Every structure is written in C-alpha cells, then in structure tokens.
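This report refers to the structure that appears directly beneath it.
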C-alpha cells in the first residue's frame with residue numbers, strides 16, 4: 001500500500017512570531033516552520049497503516065518555498081519513506097485555488113492507493129484545499145475522518161466521518177482522498193534513529209514545468225483573492241481579578257453576566 | 001441576473017442550519033444598498049423545509065432536489081449541482097457557512113468553478129469593487145481584510161459572526177431541476193452512528209462552559225456539564241482533557257479542534273495556552289476560574305476568579321439555580 005500525505009510547513013503557532021510582510025503575505029522569516037498540526041495526525045495514521053500492513057510506503061507531498069525540506073525532514077523523521085516537494089518561485093502568493101491545482105497536478109505524477117490531508121492548516125484555516133484536490137483529481141473524497149480502515153484485499157477504504165450529530169460511516173474504492181482530524185490519534189515523537197535516518201531520505205523537487213502548470217495560473221499573478229488591509233485587534237478591556245471566597249466570587253460572576261445581558 | 005447567493009445547509013433532520021440563517025442575514029446586509037439581489041440556494045434529497053425556512057430571510061430561494069445526498073456524502077454532490085447553477089446564472093458572490101459541511105462544499109465548488117475563496121469571514125461589507133471580508137488570523141493576533149480580485153467568488157462565514165434576523169416579509173421558493181450527470185465519484189454512507197456523548201454541539205453555542213486539565217478527570221466534567229445546563233450552554237474542553245479521554249473530541253476547542261465565538265466562554269481550570277486561545281479568544285465575554293493568577297488566560301479574560309474550580313463552580317451553580325428557581 002502506498003499513501004501520499006499532503007503536508008504543509010506552517011509558522012509555529014506556539015512561537016507567537018506569525019506576522020504579515022509589507023506585501024500582505026506571510027513573513028516566513030519571522031517564525032520557525034513546523035509541520036501543520038492536523039497533517040501530523042494523518043501522517044501518524046498513514047505510518048500505523050503501513051506498519052500494520054508490513055509493506056508499502058508513505059510519501060510526503062508538499063507545496064512550499066525551497067526552504068521546506070528542513071520541515072519535511074521532521075515528518076521523515078517520524079517515519080515517512082520519502083518526500084516530494086513542489087517548489088517554484090512563481091508559486092509565491094498562491095491562493096487556495098492554485099494550491100489545489102498544483103497538488104492535484106503533482107498527484108497525477110505519483111501512484112498511490114490513498115491520499116491523506118489534515119482537515120485544515122493552522123495558518124490559513126480555510127479547510128478548502130483537500131476537497132478541491134479531490135474534485136480536480138476526480139477521486140472519492142472522505143472528510144473529517146475519526147478513523148480510517150483500508151481493506152487491501154477488497155481495494156476499499158472505510159472512514160468514520162465526524163458530523164454535527166455523530167458519525168457517517170463512508171466507504172469508497174481506492175484510490176481515494178481523505179481529510180483527517182486529531183481523533184485519528186496522537187502523533188509519535190521522532191526517535192533519534194528516525195532523525196538520523198531522515199537525513200538521507202530522498203526529497204524529490206518538482207517545478208511547475210514538471211507538473212505541467214503555467215506559472216501565470218498560480219502565485220500572485222493567478223490569485224483570485226488579495227489581502228487589502230490588516231490591523232491589530234482592538235484590545236480587550238482590563239481583566240477584573242476576583243479573589244473573594246467562592247460564594248462571593250460566584251455572585252460577582254452572576255452580576256457580570258447579568259450586566260452584559262448574558263443571563 | 002447577478003447578485004449575492006447564500007447556500008442553505010440542510011441539517012440531518014431536514015431543517016435549515018442556524019449558521020445558514022446567519023449567512024443569509026449577512027447576505028442581506030451586503031445587498032442593503034438594493035443594487036443586488038439576494039438568492040438562497042438549497043440542494044438536497046428533501047430541500048423543501050429548509051428552503052421555506054431560508055425564504056424567511058431572503059426574497060428568493062432556489063430549491064433543487066438531489067436524491068443522491070440521502071445516502072451519500074453530501075459536499076461533493078451539492079458542489080456539482082451548485083457549480084452548474086453558478087455557471088448558468090452567474091452570481092457575483094456565494095456565501096457558505098464555514099462549518100465542516102460548508103468547507104467541504106466551498107473547496108469543491110471553488111475547484112469546479114475556479115472561483116476564489118475568502119475563508120472564515122467574521123464580517124463582510126460591500127464596496128464598489130466587490131465584497132471585502134474581515135478575518136481573525138494567527139490565533140486572533142491580527143485582523144485582516146481581503147477582497148476577491150475579480151469581485152466574484154466564494155465567502156465562507158464563521159458561526160456566530162452575525163445575529164440571524166428574518167426579513168420583514170417572507171420570500172418565494174422556486175423549484176429548479178437538476179441538470180446533467182454527476183461526474184465526481186459519489187461516496188456512499190453505509191451506516192450512521194450516534195455521537196459518543198449526548199453533549200450539545202459547541203459549533204454555534206451561545207454559551208460554552210469549558211474544562212481543561214485542571215478539571216482533574218471525567219467525573220470533574222459532571223460539574224462542567226451541570227454549569228452548562230444551568231446556563232443553557234454547551235460543554236467545551238481543551239486538547240489535554242480530550243487526549244486524557246475525559247470528553248470526546250467533538251467538544252475540543254483550539255488549534256486542532258474547533259474555533260468558537262460564543263457570547264460567554266466560562267473557562268474552568270484552563271490556563272489559556274496559545275493552542276487553546278486561538279479557538280476561543282473572540283468570545284464576547286470570557287470568565288476564567290483558575291488557581292493560578294499568572295495563568296495566560298488572566299491576560300485576555302474579562303474576569304478571572306482566583307480559586308478552586310470545584311468550590312467556585314459549585315457556588316456558581318447554586319447561585320444560578322437560585323436565580324432561575
């Protein structure tokens with residue numbers, strides 16, 4: 001079994017260093033990049049499935065600037081087999097439409113049984129790329145996965161999809177594209193051995209020409225959206241600190257809620 | 001005839017989702033200058049009830065019956081039907097709720113039509129160059145405004161961004177026929193399973209009472225649930241509480257959980273680490289109960305009660321019950 005995992009380097013949300021540059025785009029120099037949190041959950045699931053199957057490979061597919069291999073090594077250290085990086089100067093400033101096109105085009109150069117993606121990324125949080133890739137690739141799309149169970153013999157995959165009131169159990173033939181959540185399980189920490197091994201794992205770089213995408217269709221030139229303005233949010237009011245005994249403190253809370261017409 | 005479209009999402013019971021009523025209210029406000037028409041679109045196996053409900057909010061609703069959504073994953077199917085309608089009728093802007101169903105729909109619709117997406121708008125205003133959306137990004141550290149380059153595209157709307165208000169007069173429902181085949185593979189729903197808990201959804205809750213590691217265990221969430229019930233709210237949790245198995249993932253708020261915007265967020269034993277903060281800091285009112293006066297949440301809560309969450313929680317529960325009784 002071969003599983004492609006879409007992984008995105010994102011500014012570390014815990015760093016507090018995320019900011020926009022003068023062009024309204026992410027200033028990548030100002031905060032360390034990490035593997036997107038939701039991508040780590042699907043990567044963990046992919047690794048577990050390959051381990052359980054006893055054969056196969058997990059291929060990372062990333063669209064990012066040329067510095068991405070540094071972050072991809074972290075995912076390779078968890079156990080992914082190899083990486084494919086789509087990187088091209090013309091991609092800078094790409095929107096979600098272009099991202100989906102590029103990833104779908106890159107997928108068409110790979111052979112796989114399943115494609116995994118996190119349901120969204122912590123930097124953009126749009127959550128629209130995975131369904132977009134599925135639509136462009138014309139593959140079955142199974143989203144918001146809490147569980148993923150492939151059946152290699154039947155060449156089908158079953159997913160428990162999180163909905164507003166429970167779960168839908170979805171089943172599709174492979175190959176298929178699945179977006180996954182944290183409910184898939186805690187990602188492993190890379191072992192020292194894994195970190196050493198990752199250094200020599202293969203990362204193939206593809207340009208736009210390699211995947212047959214016109215530079216004018218992506219990046220700033222092809223963008224359908226633009227950031228027009230940004231500002232710091234209005235500061236919240238001062239924090240009222242209550243140190244009274246529980247009964248008195250409870251009354252203070254109720255008074256605040258009543259003043260604000262919440263109760 | 002161009003205009004503003006709003007997608008009416010059908011809930012499992014056939015009703016219109018609350019998020020769609022909010023998006024419809026927002027659609028009306030963008031078109032308030034009267035220059036553009038607002039149209040609702042409801043697509044599903046049984047669209048009638050949701051279409052009638054949406055007509056309370058907008059002057060005209062298109063209702064398209066698509067039997068496939070009864071037992072197949074809906075997003076990709078609805079996206080294809082909607083893409084055909086968009087190609088035929090050329091709306092300027094399509095508003096879609098930014099919940100899981102809406103994101104699947106928006107992503108597929110964007111890919112099928114080539115229209116761009118302004119994601120997770122907390123507000124939208126009309127300008128002569130098209131709509132401008134406001135977003136909260138980087139965990140609330142920054143407010144951005146963004147526009148559609150061509151003036152046309154898709155906007156996903158975050159829950160609780162506006163208060164839903166029906167229009168003065170109800171609109172009409174126009175039944176439209178599905179045209180053409182569905183080219184994308186449909187994914188069958190082979191079974192439906194109930195949620196692990198009967199907990200109310202946090203997605204569009206007006207009040208959320210949330211617990212973190214400080215709650216101490218699954219029994220501790222009993223008090224959190226009681227407080228939520230007394231306030232008419234839903235129970236939320238941090239990732240630490242979810243990872244400990246005290247409460248299901250569906251209730252998790254934060255970076256890898258849900259982003260919520262309730263009127264009241266009552267944080268019980270939650271330190272307010274950045275990964276959690278990104279999911280709740282736009283709540284209108286934040287009240288925290290924490291032993292540690294230096295917890296990060298003290299920096300952005302409206303009120304922090306320094307104390308034991310069980311003692312304060314029980315006192316608050318008694319106070320709320322006395323008030324309602």
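The values are calculated or read from the model by the stated rules, or taken from the named source; none is laboratory data. Model, not experiment: these values are computed from the prediction. Every residue, glycine among them, receives a Cβ derived from its backbone with ideal geometry; neighbour counts consider all protein chains shown.
Looking at the range B:60-85 only, could you name the residues that are away from chain A (no Cβ under 14 Å) and in contact with a helix residue (DSSP H, G or I) (Cβ under 9 Å, 6 or more places away or on another chain)?
Once the filter is applied, which keeps residues that are away from chain A (no Cβ under 14 Å) and in contact with a helix residue (DSSP H, G or I) (Cβ under 9 Å, 6 or more places away or on another chain), the range B:60-85 yields B:61, B:62, B:63, B:64, B:65, B:66.
Could you list all residues from the range B:254-268 that are at pLDDT 95 or above and surrounded by 24 or more Cβ atoms within 10 Å (Cβ to Cβ)?
B:265, B:266, B:267, B:268
Within the range B:163-245, which strands (runs of 3 or more DSSP E) (wholly inside it) include 3 or more residues that are surrounded by fewer than 16 Cβ atoms within 10 Å (Cβ to Cβ) and either out of contact with any strand residue (DSSP E or B) (no Cβ under 9 Å at 6 or more places or on another chain) or within 13 Å of another protein chain (Cβ to nearest Cβ) (or both)?
Hits in the range B:163-245: B:189-194.
For the structure I just gave you, tell me whether residue A:83 is in contact with a helix residue (DSSP H, G or I) (Cβ under 7 Å, 6 or more places away or on another chain), within 9 Å of chain B (Cβ to nearest Cβ) and not in a helix (DSSP H, G or I).
no
Answer yes or no: is there a residue in the range B:51-62 that is at pLDDT 95 or above and under 27 Å from residue A:145 (Cβ atoms).
no
With respect to the numbered conditions (1) at pLDDT below 95; (2) farther than 26 Å from residue B:71 by Cα, which one is the sole condition not fulfilled by residue B:12?
So residue B:12 meets the others, but not (2).
Determine whether residue A:124 is out of contact with any strand residue (DSSP E or B) (no Cβ under 6 Å at 6 or more places or on another chain) and at pLDDT 95 or above.
Here the answer is no, as residue A:124 does not meet what is asked.
Could you go through the range B:212-232 and let me know if any residue there is under 24 Å from the mean Cα position of the chain (by Cα), modelled with pLDDT under 90 and farther than 25 Å from residue A:261 by Cβ.
no
Out of all the residues in the range B:88-96, is one or more under 17 Å from residue B:174 (Cα atoms) and part of a helix (DSSP H, G or I)?
yes
Got at least one residue in the range B:53-73 being surrounded by 24 or more Cβ atoms within 10 Å (Cβ to Cβ), within 19 Å of residue A:101 (Cβ to Cβ) and in contact (Cβ under 8 Å) with a residue 40 or more places away in the chain?
No, because not a single residue in the range B:53-73 is surrounded by 24 or more Cβ atoms within 10 Å (Cβ to Cβ), within 19 Å of residue A:101 (Cβ to Cβ) and in contact (Cβ under 8 Å) with a residue 40 or more places away in the chain.
Tally time: how many residues in the range A:87-138 are assigned to a loop (DSSP other than H, G, I, E, B) and either facing another protein chain (nearest Cβ under 7 Å) or within 12 Å of the chain's Cα centre (by Cα) (or both)?
The qualifying residues number 12.
Which of the residues belonging to the range B:302-317 are more than 7 Å from chain A (Cβ to nearest Cβ) and out of contact with any strand residue (DSSP E or B) (no Cβ under 8 Å at 6 or more places or on another chain)?
Once the filter is applied, which keeps residues that are more than 7 Å from chain A (Cβ to nearest Cβ) and out of contact with any strand residue (DSSP E or B) (no Cβ under 8 Å at 6 or more places or on another chain), the range B:302-317 yields B:308, B:310, B:314, B:317.
So if I check each of B:146, B:136, B:150, which one is within 13 Å of another protein chain (Cβ to nearest Cβ), outside any helix (DSSP H, G or I) and over 30 Å from residue B:262 (Cβ atoms)?
B:150
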